[in-house]
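The values are calculated or read from the model by the stated rules, or taken from the named source; none is laboratory data. Small disclaimer: the values here were computed from a predicted structure and weren't measured. All Cβ positions, glycine included, derive from the backbone under ideal geometry; neighbour counts span all protein chains shown.
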Amino acid sequence: MALWAKVQQLTGDPMRTVQAAYGVHFPIEVRHFFAHWIEQQPWTDVDEDNLDHEQKAMTLRDLLLQQMEDKATELIAEEDFLTKLKLQETMQQFREIYGNHPMNLVRVIKHCLQTESRIVQRLEQSGEGQQMNPHQQLLEQFDFLNKRTLETEKYLRQSQHKQESWVMQSQELARATAQLNQLMNQPDGQMYTEAKQSLMQEKDRMDRELSDAAHMLRYDRMSLLQKYEETCNGLQALLNIILINHLTPWQQQQQWAGNGSPFDGNLDTLQHWCVFDSLADLVWRNFQQISQASSLYSHLPIELPPEQQDRLPLLIKRIGEILERLVTSSFVLEKQPSQVLKKKARFTATVRCLIGSRLNLQMTLPQVTASIVSEDQARRIFNGEPGSKILTSGVILNNTGTMEYHQASCQLSATLRTMMLDSIRRAEKKGNETVTEEKFSIFFQTELTINSQRTYSVWTLSLPVVVTVHGNQDCNAQATVLWDNAFAESNRILFQVPEKVTWQKLSQTLNTQFVVHCSLGLSPDNLIYLAYKLFGAADDYHMQVISWAQFNREPLPGRSFTFWEWFHSILKLTKDWTQGPWKDRLILGFISKQRAEDWLLKSQIGSFLLRFSDSELGGISISYVKEDRSQPGGRAVTHVSPFTDKDLRIRGLGDRVKDLDELVCLYPDIPKEKAFQKFWTASVDNGCYSNGYVKPDLTTTIPRRALHRSSSSHV
């Protein structure tokens, strides 16, 4: 397949890179119309820096112009009128630009073809549908841009030398013109006539050379500006890759880690592996080059084509914007503050600059300030509204710190260790919103000065935080944080979250809570029961939708607590007191009382299981089957009153199972001793102590009257 045919299949950034290689010096339309002819010519046989090859370059130039002229002559249809005009205009431009400089045309076409080949080859080498190694891709793009920057630095120096030479030639021409004017005022004579003719010939020669040099300067400027535009495109694309493909996912994972998901918080990968810091140097070098070009060109203004006249100011603006975006994006929260902040309690956070080892940022160590802002204030800061950065919604003590540079690790960071929320100002409630649904953010800001020349105000916002004043608000505050961390969409309006999510998404979040806090996730049966608690009976729960109100605003049917309050209380109980048995799969947990009875009634007498109470917060109950001749089948199920945090604090679950002789086998058929012995407390000799007292035993028993109650009794 021809190269141009492959190029036409490109999309996205690769195609934009190809487009950037073309311009007024070689329009992409010419490449398209004469694709086959261009690819057949021996461009690589011409060394554009070897004057002996100039004749080859002239031949190729003339052949291309002839191709263009023939094509323009063929275009006679009305719909081809604009295309014909474009070709004629381009031919005229080529004659002006390359008439005396055919080598430059060869250089331009070779560059365009090399750009196309490099991109197509890179994509082909990445494999059929396979992605290139991200690190390799970053390094390849960085190396290409670094070489291009060295190249433009060389061209800029050459342009400066040519401009200085042109100025000197211009001065020589001025002197020759002055001498000629003096001779013109002298009386006619053979000596003066010969001198005049000689000087006029010299002046004409200098005029031609100066005119050619001016054309060359004009071309050099257009060519160099084109290269800077291509470099800016590449720098912008590389920065986008780092921010969108690496930094944003890192921040997303950091938010998920707020719910306990695994997270590698090491930012060294981003700073060094993703060439974040090296890119800062590269952008700065291009910023300096383009600024120097602007200064150089201002000393000798040369009229450019109309479409080129605003190019340099736009490039200065663009490279400045790229530099600013890179610097401001480099200021990140390495360690987030706690997302549930209790008033008067200490908290900590760490901010870091990912380009701290470059641009002499460490020469003036920045001072970081933290403040607490409301959701509305955070949104105004994010949108860049004037005066928004001085807004606060409370007072944080010990809210400043100096960023320190660690030379061994090349890290510029600050840890604010002893911050304390002294006061908070809440906004008006929205409808039936509670105080634990109100979100705030910790706003960190500082100034970064690069190379003692340019100063940028940088800032970052923490993940949403909820402020509490009492411990009994923690559960509902954690619900707000959990929902935000799990379901916040990228590029959202701060701090908006979906009002409804699917059960499939919520179940994954609930499962993660047990994996993180209790070392074992929820079983499929557990999840089905949780879905039943929310939705009732259904064939498929996956795409069922649950609202925030159902999750933690409206109480469960027939209960005085919400779904989250019930789930959270069980999670806390399991984490604090029954994590061992849960991890060993000795607790069935989330199962209905009816299903527990159905299973146990089919088991041997003395079989038991452990289930979480659905009528009491943070309770775990023992259900067991016993002999009862008054019931059909001669057996009945008894449910022991749930044990709560208060009960298990006094005597552990393993010992309570041991105490009850009625319990023989853990459902379905595991002997009690085999299942729970590792959780039994070793026996202690309760003999007399030296002070004359005997330590009593606390033992769990079932009252005798309860042993004779009917089926499904609740003790």
Please pick out the residue among Lys646, Lys626, Lys658, Lys674 that is among the basic types (Lys, Arg), outside any strand (DSSP E or B) and in contact with a helix residue (DSSP H, G or I) (Cβ under 8 Å, 6 or more places away or on another chain).
Lys658
Scan region 66-122 for residues that are among the basic types (Lys, Arg) and over 15 Å from Phe33 (Cβ atoms) and jot them down.
Arg95, Arg107, Lys110, Arg118, Arg122
Which pairs turn up if I take residues in region 546-560 that are in contact (Cβ under 8 Å) with a residue 40 or more places away in the chain and look for partners that are buried (at least 17 other Cβ atoms within 10 Å of the Cβ) and in a strand (DSSP E or B) with beta carbon separation below 6 Å, at least 6 apart in sequence or on another chain?
Asn552/Thr562
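Results for (1) exposed (fewer than 14 other Cβ atoms within 10 Å of the Cβ); (2) on the phi < 0 side of the Ramachandran plot; (3) in contact with an Asp or Glu (Cβ under 9 Å, 6 or more places away or on another chain), shown as yes or no for each residue.
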| position | (1), (2), (3) |
| --- | --- |
| Pro249 | yes, yes, no |
| Ala257 | no, yes, no |
| His272 | no, yes, no |
| Leu279 | no, yes, no |
| Trp284 | no, yes, no |
| Gln289 | no, yes, yes |
| Ser298 | yes, yes, no |
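One line per residue, one yes/no per condition, for (1) modelled with pLDDT of 90 or more; (2) more than 30 Å from Phe144 (Cα to Cα); (3) out of contact with any Phe, Trp or Tyr (no Cβ under 9 Å at 6 or more places or on another chain):
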| residue | (1), (2), (3) |
| --- | --- |
| His25 | no, no, no |
| Asp62 | yes, yes, yes |
| Ile76 | no, yes, yes |
| Phe81 | no, yes, yes |
With the requirement that a residue be part of a helix (DSSP H, G or I) and of a type in the set (Phe, Trp, Tyr), what does region 20-68 give you?
Phe33, Trp37, Trp43
Based on this model, can you work out whether Leu361 counts as in contact with a Leu (Cβ under 8 Å, 6 or more places away or on another chain) and among the aliphatic types (A, V, I, L, M)?
yes
So, Thr402, is that one of a type in the set (Ser, Thr, Tyr), touching a strand residue (DSSP E or B) at 6+ places or on another chain (Cβ under 9 Å) and loosely packed, with under 13 Cβ neighbours inside 10 Å or not?
yes
What helices (runs of 4 or more DSSP H), lying completely within region 553-615, carry at least 2 residues that are surrounded by fewer than 22 Cβ atoms within 10 Å (Cβ to Cβ) and among the basic types (Lys, Arg)?
563-577, 593-601
What is the number of the single condition among (1) within 30 Å of Phe561 (Cα to Cα); (2) modelled with pLDDT of 75 or more that Ser710 does not meet?
(2)
Subset of region 374-410 [touching a helix residue (DSSP H, G or I) at 6+ places or on another chain (Cβ under 8 Å), at negative phi and not aromatic (Phe, Trp, Tyr)]
Gln377, Arg380, Ile381, Ser388, Lys389, Leu391, Thr392, Ser393, Ser409
So if I check each of Leu225, Leu235, Leu239, which one is in a helix (DSSP H, G or I) and more than 30 Å from Glu303 (Cβ to Cβ)?
Leu239
Expected single match for among the charged types (D, E, K, R) and more than 30 Å from the chain's Cα centre (by Cα) among Lys429, Lys439 is Lys429
Residue count, region 596-627 (criterion: over 28 Å from Gly558 (Cβ atoms) and of a type in the set (Asp, Glu)):
1
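Matching residues to (1) hydrophobic (A, V, I, L, M, F, W, C); (2) at pLDDT 85 or above; (3) part of a helix (DSSP H, G or I):
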| site | (1), (2), (3) |
| --- | --- |
| Thr115 | no, yes, yes |
| Gln130 | no, no, no |
| Leu145 | yes, yes, yes |
| Arg148 | no, yes, yes |
| Glu153 | no, yes, yes |
| Leu156 | yes, yes, yes |
| Ser159 | no, yes, yes |
Is it the case that some residue within region 637-656 is under 19 Å from Asp697 (Cα atoms), crowded, with 17+ Cβ neighbours inside 10 Å and touching a Pro at 6+ places or on another chain (Cβ under 9 Å)?
yes
Go through region 214-241 and give me each residue that's of a type in the set (Val, Ile, Thr) and modelled with pLDDT of 90 or more.
Thr231
How many residues are in contact (Cβ under 8 Å) with a residue 24 or more places away in the chain and loosely packed, with under 13 Cβ neighbours inside 10 Å when one looks only at region 657-679?
3
Name the residues in region 510-535 that are of a type in the set (Ser, Thr, Tyr), touching a Ser or Thr at 6+ places or on another chain (Cβ under 9 Å) and outside any helix (DSSP H, G or I), would you?
none
Here the residues within region 43-75 that are in contact with a Lys or Arg (Cβ under 8 Å, 6 or more places away or on another chain) and without any contact (Cβ under 8 Å) to a residue 60 or more places away in the chain are Asp45, Leu65, Ala72, Leu75
Search region 86-114 for residues that are in contact (Cβ under 8 Å) with a residue 40 or more places away in the chain and buried (at least 20 other Cβ atoms within 10 Å of the Cβ) and pair each with any residue that is of a type in the set (Val, Ile, Thr) and not in a helix (DSSP H, G or I) when their beta-carbon atoms are under 7 Å apart and the residues are at least 6 apart or on different chains.
Val106/Val46
Taking the options Glu194, Glu172, name whichever one is surrounded by 13 or more Cβ atoms within 10 Å (Cβ to Cβ), over 24 Å from Leu314 (Cβ atoms) and more than 52 Å from the chain's Cα centre (by Cα).
Glu172
Note on region 403-425: residues free of Cβ contacts under 8 Å to residues at least 24 places away in the same chain and either polar (S, T, N, Q) or part of a loop (DSSP other than H, G, I, E, B) (or both) are Gln407, Ala408
Kindly indicate whether any position in region 536-544 is closer than 25 Å to Val664 by Cβ and not in a helix (DSSP H, G or I).
no
